[in-house]
Amino acid sequence: MIDAQASVVDASETFSQAKEKALIQAAQKGDKHAYHTLYELHVKRVYALCYRLTGDRALAEDATQEVFIQLWRKLTNFDGQSRFTTWLHSVTANVTVSYMRKQRGWFQRMFNIEDSAAEYEQAESSSAEVDLESYIVQLPERARMVFVLHAIEGYRHEEIADMLNMAVGTSKAQFHRAKQLMKEWMGYGDE
């Protein structure tokens with residue numbers, strides 16, 4: 001006996017994917033309206049990743065805009081071999097990391113700052129009843145970036161090392177540092 005329920009295809013998802021594919025193809029040919037529609041469909045997801053990586057709303061907004069500027073330039077590179085969201089996620093992570101490198105250099109030159117105890121003071125002064133996102137934002141920059149890319153976004157340490165131009169061992173150490181700091185802030189200590 002054939003199970004009718006098992007052979008039913010989710011038409012809304014199929015239609016959505018076909019619509020997105022048509023938008024991508026039109027945008028690849030220079031259709032700005034199609035590109036704007038893609039922007040509207042994905043801007044929240046892109047901003048969320050940018051915010052997790054930067055830890056700062058203003059930087060995340062700027063990085064999001066940079067992602068979509070680069071996306072317009074790189075859209076012809078999308079070949080459809082993977083899902084668009086997977087490809088966009090990769091572009092977002094790479095562009096945001098690059099954007100942060102540029103910003104960090106500018107901030108350091110402008111204000112002559114380096115990683116300091118101020119990051120830790122901010123973390124210690126926060127309330128114990130803060131959500132996970134708030135703890136992530138308080139992590140030192142490199143530890144936060146590795147933590148987000150590995151624990152939340154699922155990248156392997158080898159991939160993160162390539163993206164952030166660091167050794168694999170450094171990626172693992174930064175991830176461990178992030179976990180330890182978050183455990184400490186959440187009150188779990190060395191359990």
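Quick notes on this structure:
- Unmet requirement for MET166, which otherwise passes all of (1) open to solvent by less than 40 Å² (accessible area, probe 1.4 Å); (2) at pLDDT 90 or above; (3) in a helix (DSSP H, G or I): (3)
- Some residue of region 86-98 being among the hydroxyl-bearing types (Ser, Thr, Tyr), over 16 Å from LYS29 (Cα atoms) and in contact with an Asp or Glu (Cβ under 9 Å, 6 or more places away or on another chain): yes
- Some residue of region 93-105 being open to solvent by 30 Å² or more (accessible area, probe 1.4 Å), within 21 Å of TYR135 (Cβ to Cβ) and either touching a residue at least 24 places away in the same chain (Cβ under 8 Å) or assigned by TED's automatic domain parsing to the domain that holds ARG142 (or both): no
The values are calculated or read from the model by the stated rules, or taken from the named source; none is laboratory data. Nothing here was measured: the structure is a model prediction, and the numbers come from that model. No Cβ is skipped: glycine too gets one built from the backbone with ideal geometry, and neighbour counts run over all protein chains shown. When the accessible area is computed, the model is the full protein with side chains, heavy atoms only, and any ligands, DNA or RNA have been set aside. Shrake-Rupley method; radii C 1.70, N 1.55, O 1.52, S 1.80 Å.
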